[in-house]
Ligand SMILES: Cc1cc2nc3c(=O)[nH]c(=O)nc-3n(C[C@H](O)[C@H](O)[C@H](O)COP(=O)(O)OP(=O)(O)OC[C@H]3O[C@@H](n4cnc5c(N)ncnc54)[C@H](O)[C@@H]3O)c2cc1C
């Protein structure tokens, strides 16, 4: 059976990006939207992530513009006392289910779960087989362009010989035989989460081997907080450090000295800069792992041996290898957000994909003409290396300047908690905020100029 759907927008992907776009669009226009996802509900990768995952930064920075995720609660006990709450995967999925319910209650948003998008405005129900075609005049919104790869849905990027035990990170919670050795494979946030989960559950550090082909730089969570004194103060320190840097590596060493960046092993210069946030207690835990294998990417696992590009590592027979080696963030290249074929959601400030998608939804709601929309709302990339971290700062800042120059967009940006850089009206005259702003303005010109040189964008 085939049906035509008459809506203004067909949003492909009900993850964080698609939800933030749709929320901003329908709250600031009378548009109608069909939201399509192959998953059974809204929430994207969070529906399939490992059960002990949390947001790596404050809940307030994530979600949709109209609805705060969590309660903006500052933790009062535990290892992150003083830092803002971070939602678990279950809380994030529950949040998106409630946001979706509110959207569909408007009568202007319809949700098509379990549906595969086939291209050209066409999608098919994976259950009923019904195909749907967007009617002429409707626009396609690609909200899956930067959808991350996750270990649960990505096979290990190495061979697994029979008799060896390799599991995706999701299955750590199902381990029942207390292996002699745990081998964590991956360099990023998922690998740090898996390692910390083992430690928190009583696994001694010397039973953990960490195959870490690259070392990561991570942002100090304490300076990425929903408080303008902290966040803008961090921006000012970042610019001061950048102004004096003479290479991307030197930049990161200066950021480390300024308390902005963290690395696990102070004797190794990291080459990876995706920069999720990390707390001090996590850093302390990760530093207890001494068996770190830096022999390049893993090639294969067989009973008693883990083979890497630059050598083999002997492991006990009763070893469980934990696959945390999916690439996560994607780098398909920036494209203009508004093109004839689709509106392609991407970050528009430095990082913070939810805020970017919300800005795009708002711009779509209030402005006419794709050329003008592309002029005021430009994409900015995710980073992978220290050099492209510098590029992300520069392109994100240029993009922020462009959309902030439009008073309505600035007012929208200032109204929502998912904008990490906003100063709420009630804090604008706070002397500490004023001082942070002054320092930012003082250091920004030289810092930005130097970052542009380091990124090759001068
Ligand atoms: C474990 C993990 C933790 C993270 N933590 C954070 C964090 O704390 N803060 C942060 O800012 N970022 C975080 N990220 C980064 C991540 O990029 C953001 O969460 C981002 O917002 C992901 O949302 P998305 O909508 O782009 O992608 P997704 O969540 O992957 O959503 C895309 C959706 O599109 C659907 N889809 C794709 N193709 C089709 C098709 N052909 N037909 C139908 N549906 C389709 C998918 O089913 C999916 O539901 C994290 C990423 C991971 C993997």
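Some notes on this structure:
- Shape parameters for the stretch 327-458, alpha-carbon atoms, Rg then Dmax in Å: 15.4, 48
- Over the C-alpha trace of the stretch 10-86, radius of gyration and Dmax come out as 14.9, 45 angstrom.
- Distance histogram for the stretch 263-308 (every C-alpha pair counted, 10 angstrom bins, percent rounded to whole numbers): 19, 44, 30, 7
- Extension gain, residue 430 to residue 404: 0.36 nm times the residue separation minus the Cα-Cα distance gives 7.2 nm.
- Hydrodynamic radius by Kirkwood, which averages 1/r over all alpha carbon pairs of the stretch 221-372, in angstrom: 19.7 Å
- Considering helices alone, the calculated mean residue ellipticity of the chain at 222 nm is -10500 deg cm²/dmol, with DSSP H runs of length four and up weighted by -39500 (n - 2.57) and normalised per residue.
- Projected onto planes of every orientation and averaged, the convex hull of the alpha-carbon atoms in the stretch 229-295 covers 5.4 nm².
- Over the stretch 357-422, the hull volume per residue, using the convex hull of the C-alpha atoms, is 87 Å³.
- Highest-first arrangement of 143-152, 76-85, 123-132, where packing means the average Cβ count within 10 Å: 143-152, 123-132, 76-85
- Reciprocal mean inverse distance between Cα atoms of the stretch 381-454 - Kirkwood radius, Å: 13.9 Å
- Value of relative contact order over the chain, rounded to a whole percent, pairs C-alpha under 8 Å and six or more apart: 21 percent
- Unit Cα scatterers, Debye sum, the stretch 7-135: log10 I(q)/I(0) for q = 0.18 Å⁻¹: -0.95
- The shape of the stretch 54-103 can be summarised by an equivalent ellipsoid whose semi-axes, obtained from the alpha carbon gyration tensor, come to 22, 10, 8 Å from longest to shortest.
- The stretch 212-272 and the stretch 337-392: distance between their alpha carbon centers, rounded to Å: 24 Å
- Alpha carbon convex hull of the stretch 64-215, volume per residue in cubic angstrom: 217 Å³
- When Rg and Dmax are taken over the Cα atoms of the stretch 136-246, they come to 20.2, 62 Å.
- Cα-based radius of gyration for the stretch 414-458, normalised by 2.2 N^0.38 Å, reads 1.48.
- When DSSP beta bridges are restricted to pairs lying wholly in the chain, around 40% turn out antiparallel.
- Residue 1-residue 101 FRET efficiency (beta carbon distance; Förster radius 30 Å; 0.05 resolution): 0.65
- Entry note, the stretch 1-88: relative contact order of 27 percent, from Cα contacts under 8 Å with a spacing of 6+ residues.
- Residue-span extension gain [residue 176 to residue 201] - 0.36 nm each, minus C-alpha spacing: 7.7 nm
- Histogram of C-alpha separations across the chain, 20 Å bin width, %: 24, 55, 21, 0
- Descending principal axes extents, the stretch 176-296, alpha-carbon based, whole Å: 51, 32, 18
Every read-out reported here was derived from the displayed coordinates using simple, explicitly stated rules and does not represent laboratory data. Small disclaimer: the values here were computed from a predicted structure and weren't measured. Cβ: placed from backbone, ideal geometry, glycine included. Neighbour counts: every protein chain shown.
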